[in-house]
Each structure stands twice: as structure tokens, then as C-alpha cells.
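Asks: Here it is, the structure in full.
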Amino acid sequence: MNTALSVLALLVALAALGRQIQVQRRPAVPARDGDPGDLPADALGLRHEVAALREEAASTFQHLAVVRYDAYGDLGAMGGGLSWTLALLDARGDGVLITSIHGRTEARTYAKTVADWACDVPLSPEEDEALERARVAG
């Protein structure tokens with residue numbers, strides 16, 4: 001009787017092992033339109049993690065540009081070509097333009113908010129150029 005019970009337990013264990021091997025060998029079906037299909041739980045978790053990272057990355061500064069120039073142009077070496085505009089924008093075109101105008105004895109710095117690649121206040125030609133370079137750079 002003990003031998004028959006041992007053989008029966010062995011057969012049940014082998015059947016369970018066979019099913020486990022079949023499940024592991026079956027290729028995962030890629031998800032379509034948000035349907036997880038037969039993806040293992042860890043792959044589905046990774047898919048959600050990647051989606052969250054992509055959403056988070058969209059709000060980081062991805063479009064950057066710097067334009068350097070002499071703000072005083074024909075007035076001589078007053079600025080020495082040290083004036084600059086920095087564009088820092090995310091994937092949606094939201095961010096800031098920072099402009100620093102350097103003269104011989106002083107420097108002034110300005111910041112302008114950008115939303116959807118546009119600014120609600122007038123931009124200098126250099127700021128327009130920095131915004132366009134940042135759009136192309138991303």
C-alpha cells in the first residue's frame with residue numbers, strides 16, 4: 001500500500017512539473033492596446049514602469065540652446081560678446097528663456113516663461129533664435 005501511494009504521489013508531482021515546464025516554454029503574447037494578454041506579471045510591471053518613466057521624462061528639460069552675442073553691437077566693445085540667452089524647455093515646449101545682457105560696468109538678467117513654444121511677452125531676436133535652436137535640438 002505504501003508503495004502504491006508513493007507511486008501515485010510521484011505521478012502527481014511529475015504531471016505538475018510537466019505543466020510548469022509547458023507554461024515556462026510558452027512564449028509571452030505581446031500586449032495590444034493596453035491588454036496585458038499572457039504577459040507574465042513581472043513583464044507587465046516593467047511595461048507600467050517604462051510608461052511612468054516616459055511620462056516623467058516628458059517634463060524634464062530636453063530642448064536646450066545657448067545664443068551668445070554682443071548686446072551693444074556697433075557701440076564698441078561695451079559688452080565684449082558676453083551677453084547670452086539660454087533656452088530650457090521640456091518635450092511640450094514649456095520652460096524658460098534666461099537672458100543676461102552684459103555691459104562694461106553692469107549685467108542684467110531676465111527670465112521669460114515659455115508655454116507651448118510661445119512666450120506671452122515680446123522676444124528679442126536673440127531670444128527668438130535660442131527658442132528656435134532649442135526646438136530643433138530636441
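The values are calculated or read from the model by the stated rules, or taken from the named source; none is laboratory data. Every value quoted in this text rests on a predicted model; they were computed, and no experiment measured them. Every residue, glycine among them, receives a Cβ derived from its backbone with ideal geometry; neighbour counts consider all protein chains shown.
Asks: Which residue pairs have Cβ atoms under 7 Å apart, sit 6 or more places apart or on different chains, and have a first residue in the range 114-127 that is in contact (Cβ under 8 Å) with a residue 24 or more places away in the chain and a second that is surrounded by 10 or more Cβ atoms within 10 Å (Cβ to Cβ) and aromatic (Phe, Trp, Tyr)?
Replies: Once the first residue is in contact (Cβ under 8 Å) with a residue 24 or more places away in the chain and sits in the range 114-127, its partners that are surrounded by 10 or more Cβ atoms within 10 Å (Cβ to Cβ) and aromatic (Phe, Trp, Tyr) give Glu126/Tyr69.
Asks: Would you point out the residue of the range 81-134, among those that are part of a loop (DSSP other than H, G, I, E, B) and among the small types (Gly, Ala, Ser), that is surrounded by the most Cβ atoms within 10 Å (Cβ to Cβ)?
Replies: This residue is Ser124.
Asks: Answer yes or no: is there a residue in the range 72-79 that is among the hydrophobic types (A, V, I, L, M, F, W, C) and in a helix (DSSP H, G or I).
Replies: Yes, the range 72-79 contains a residue that is among the hydrophobic types (A, V, I, L, M, F, W, C) and in a helix (DSSP H, G or I).
Asks: Hey, among Thr60, Thr85, which residue is of a type outside the set (A, V, I, L, M), in contact with a helix residue (DSSP H, G or I) (Cβ under 7 Å, 6 or more places away or on another chain) and modelled with pLDDT of 80 or more?
Replies: Within the list Thr60, Thr85, the selection yields Thr85.
Asks: Go through the range 98-122 and give me each residue that's over 20 Å from the mean Cα position of the chain (by Cα), within 13 Å of Ala65 (Cβ to Cβ) and aliphatic (A, V, I, L, M).
Replies: Selection gives Ile98 alone.
Listed here are the residues, each with its yes/no results for (1) of a type in the set (Ser, Thr, Tyr); (2) modelled with pLDDT of 85 or more; (3) under 17 Å from Glu126 (Cβ atoms).
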position	(1), (2), (3)
Leu44	no, no, no
Arg47	no, yes, no
Glu55	no, no, no
Asp70	no, yes, yes
Leu89	no, yes, yes
